[in-house]
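The values are calculated or read from the model by the stated rules, or taken from the named source; none is laboratory data. All values derive from a computational prediction rather than experimental measurement. We place every Cβ from the backbone using ideal geometry, glycine too, and count neighbours over all the protein chains shown.
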Ligand code: FES
Ligand code: FES
């Protein structure tokens, strides 16, 4: 202890000692009242899961407040009653049983949960379901036609063998659909994208199996089919080595 801290006539130090004592008492009380809640006070930041509560995937619990909302997913409207804290990802998977959308990291790092909202790709694990009442949501289940014919990107993924375990595939597909549409809106022909541009545009979607070369080939195949310019005007660049995929 600094010698001056023992001086009872120093008001600043008296206040410091008081605060130290109060903090110690509060920590002791918290530890006694809630033994399981002491992890976040141990000096390390609380995890996202801890910030969301002990059951971040819960759609509703009996004693938690819930809200009514309607989501339009893949052209169908669904009336739900869920807690306000429920993410779009959990609402899709646990209430609507649309389990094609995957939960990888649950914190915006892997892209496995990518869906399209009004045509734009988002990480559904980072977005609350109640934010999307007036939106058009498309999941991987909504990419194929009602008659079962596959989306061109789905067909290209099959033909190019663009997956191994397939866990990242729904997010890759939704992200690729959104990515090609983003470029179309900017007036960039999909077939004119370089490999490097595709890789950068998809860098928010990770594939732990390392199927990046096949993913690139599939996206390029679909892009060229989309623009009707297969083999013409396509600028080729580097391969997809080391790429992750970042959702816009
Ligand atoms: S689960 Fe959403 S980004 Fe990983
Ligand atoms: S195919 Fe396994 S994570 Fe991408």
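Computed quantities for the displayed model
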read-out	value
Residues of the stretch 77-100 satisfying the condition of being within 13 Å of residue 140 (Cα to Cα), surrounded by 20 or more Cβ atoms within 10 Å (Cβ to Cβ) and over 10 Å from the mean Cα position of the chain (by Cα)	92, 93, 98
Residue in the stretch 44-65 that is touching a helix residue (DSSP H, G or I) at 6+ places or on another chain (Cβ under 7 Å) and modelled with pLDDT of 95 or more present	no
Residues within the stretch 139-164 that are within 16 Å of ligand 1 (Cβ to nearest atom) and outside any loop (DSSP other than H, G, I, E, B), tallied	1
Filter result for the condition that a residue is without any contact (Cβ under 8 Å) to a residue 60 or more places away in the chain, within 13 Å of ligand 1 (Cβ to nearest atom) and surrounded by fewer than 16 Cβ atoms within 10 Å (Cβ to Cβ), over 113, 105, 125	105
Members of the stretch 96-122 found to be under 12 Å from residue 175 (Cα atoms) and away from ligand 2 (no atom under 16 Å from the Cβ), listed by number	115, 116, 117, 119, 120, 121, 122
Test: residue 112 is out of contact with any strand residue (DSSP E or B) (no Cβ under 7 Å at 6 or more places or on another chain), within 20 Å of residue 200 (Cα to Cα) and assigned to a loop (DSSP other than H, G, I, E, B)	yes
Selected residue [modelled with pLDDT under 95, assigned to a helix (DSSP H, G or I) and out of contact with any strand residue (DSSP E or B) (no Cβ under 7 Å at 6 or more places or on another chain)] from 234, 230, 218, 223	223
